[in-house]
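All remarks here apply to the structure that follows.
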Amino acid sequence: MDVFNNKRNFFRFIKDKSYSALLMFLASCTSVPVTNRDGKKTEDTSTVFKTEESYIRPYHHLPDGTFRNPEGSVEQLDYEFPWFKFNKERQKIKVKIPEEHVVPKENVLSELTALENEDTVTWIGHTTFLIRLGGKTIITDPFFSPNAGPLAFGPRRYIDPAIKLSELPKIDLLLLTHNHYDHLDTEATKNFPHKKAAVLCPLKLSKFYKDFRFKDVTEMDWYQEKQLEDLKITFLPAIHWSRREVFDRNRTLWGSFLIEYQRKKILFCCDTATGEVYKKLGKEYGPIDIVFVNIGAYEPVDIMKYSHANPAEALDIAKNLKAKKVIGTHWGTILMSLEDPFEPPTKFLVNAKNYGYQEKDAILFKIGETKTIKQILS
């Protein structure tokens, strides 16, 4: 086993160094102008590799070109994930879908059409939402594939998307939080029907979209801002990680999007664990009117606590953000962990009062359901 580990680490070291050299070269050739909080222009990707003496590398940027979580976050140790045992336990779970969990397909598009002039939120499934604000439609983490993984591998969804990819209304803005298969969906990206949409994504992920002929793609670092007409978007930290291939762990950034529109603040969180950074964000950006937070995929705790909040922790995150309303995401679509798949919403509602919320402030959607912003905030 020691020999195997030594060989594995040797080849990982060699490949990591090769990737780092390649990424440094690409970063020196391409950049996307955005603004920092002081309004000054900067460059997304190339700043990671600046050599000027005046440059101070942000804490979450590591010298090898990878990224890490905010200072003070609990970091997962590098270890061999027990995939065989985990998958064996997951296969034992029998998914029983409540009848009220899904809006009939024939009603989803008609409701979207009927409310097209309203500011609304629609749950497509998992962390894919349509958010309509001022006549513009935003889509978050568009995931439409039958499984979350390369080719036919990875966990499979037990609920189809509320509508087909081809049925999406015109999309003006696509927000991507991080590079995991259940968020950055290759097939959905390749076949996305509205490639004139503006795309905001974390550092080092623009190439993925440009390869599929998206034209307006902007990479963002934490705390950078982007003004899109009457929408102000700020990219904020989250406590998570990224990986798509064997040797690319944390080589792309992850994070959350704060959307500001007509004095309202809506925070769409990346998959995240709980941590001290949310108290800081609450002081700097709160109060938040609506926050979307992951409430599913938290068992077994020893593995998942570094990546995903449980329902109580999601409410704690919202409380630290000074959020008025909390929308539970990342549940009820795909079997990614070992808790009962319909346990998260129950625990979410039961724990609301423990964190200073009334039950009506902890908001759950049916898949395909549309709510107006006025309804959510009432």
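The values are calculated or read from the model by the stated rules, or taken from the named source; none is laboratory data. All values reported here derive from a predicted model rather than from experimental measurement. Ideal geometry is used to build each Cβ from the backbone, glycine not excepted, and the neighbour counts take in all protein chains shown. Please note that ligands, DNA and RNA were not included when accessible areas were found on the heavy atoms of the full protein model with its side chains. Shrake-Rupley method; radii C 1.70, N 1.55, O 1.52, S 1.80 Å.
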(message) Anything in segment 58-71 that is over 19 Å from the mean Cα position of the chain (by Cα), open to solvent by 50 Å² or more (accessible area, probe 1.4 Å) and within 23 Å of residue 279 (Cα to Cα)? List them, or say none.
(response) 59, 71
(request) Inspect segment 129-145 for any residue being within 13 Å of residue 366 (Cα to Cα), open to solvent by less than 10 Å² (accessible area, probe 1.4 Å) and either within 18 Å of the chain's Cα centre (by Cα) or of a type outside the set (S, T, N, Q) (or both) and give the result as yes or no. (result) yes
(message) Which numbered condition in (1) under 30 Å from residue 196 (Cβ atoms); (2) touching a strand residue (DSSP E or B) at 6+ places or on another chain (Cβ under 9 Å); (3) touching a residue at least 24 places away in the same chain (Cβ under 8 Å) is the only one that residue 155 fails?
(response) (1)
(message) When the residues of segment 96-111 are narrowed to those that are in a loop (DSSP other than H, G, I, E, B) and over 24 Å from the mean Cα position of the chain (by Cα), which ends up farthest from residue 246 (Cα to Cα)?
(response) 104
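Of the residues 353, 371, only one is over 19 Å from residue 162 (Cβ atoms) and not in a loop (DSSP other than H, G, I, E, B); which?
The unique qualifying residue is 353.
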(request) Among the numbered conditions (1) closer than 20 Å to residue 275 by Cβ; (2) modelled with pLDDT of 95 or more; (3) surrounded by 18 or more Cβ atoms within 10 Å (Cβ to Cβ), tell me where residue 354 comes up short. (result) (3)
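Condition check ((1) in contact (Cβ under 8 Å) with a residue 40 or more places away in the chain; (2) of a type outside the set (Ser, Thr, Tyr); (3) crowded, with 20+ Cβ neighbours inside 10 Å) across all residues:
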site: 287; (1), (2), (3): no, yes, no
site: 322; (1), (2), (3): yes, yes, no
site: 325; (1), (2), (3): yes, yes, yes
site: 332; (1), (2), (3): yes, yes, yes
(request) Would you mind stating whether residue 290 is part of a strand (DSSP E or B) and touching an Asp or Glu at 6+ places or on another chain (Cβ under 9 Å)? (result) no
(message) Restricting to segment 148-188, count the residues that are surrounded by fewer than 20 Cβ atoms within 10 Å (Cβ to Cβ), over 24 Å from residue 103 (Cβ atoms) and among the polar types (S, T, N, Q).
(response) 1
(message) Quick check on residue 114: is it closer than 22 Å to residue 245 by Cα, aliphatic (A, V, I, L, M), without any contact (Cβ under 8 Å) to a residue 12 or more places away in the chain and open to solvent by 50 Å² or more (accessible area, probe 1.4 Å)?
(response) no
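Would you call residue 241 open to solvent by 10 Å² or more (accessible area, probe 1.4 Å), in a loop (DSSP other than H, G, I, E, B) and farther than 23 Å from residue 365 by Cβ? Working first, answer last.
Working: open to solvent by 10 Å² or more (accessible area, probe 1.4 Å): yes; in a loop (DSSP other than H, G, I, E, B): yes; farther than 23 Å from residue 365 by Cβ: yes.
Yes: the conditions hold for residue 241.
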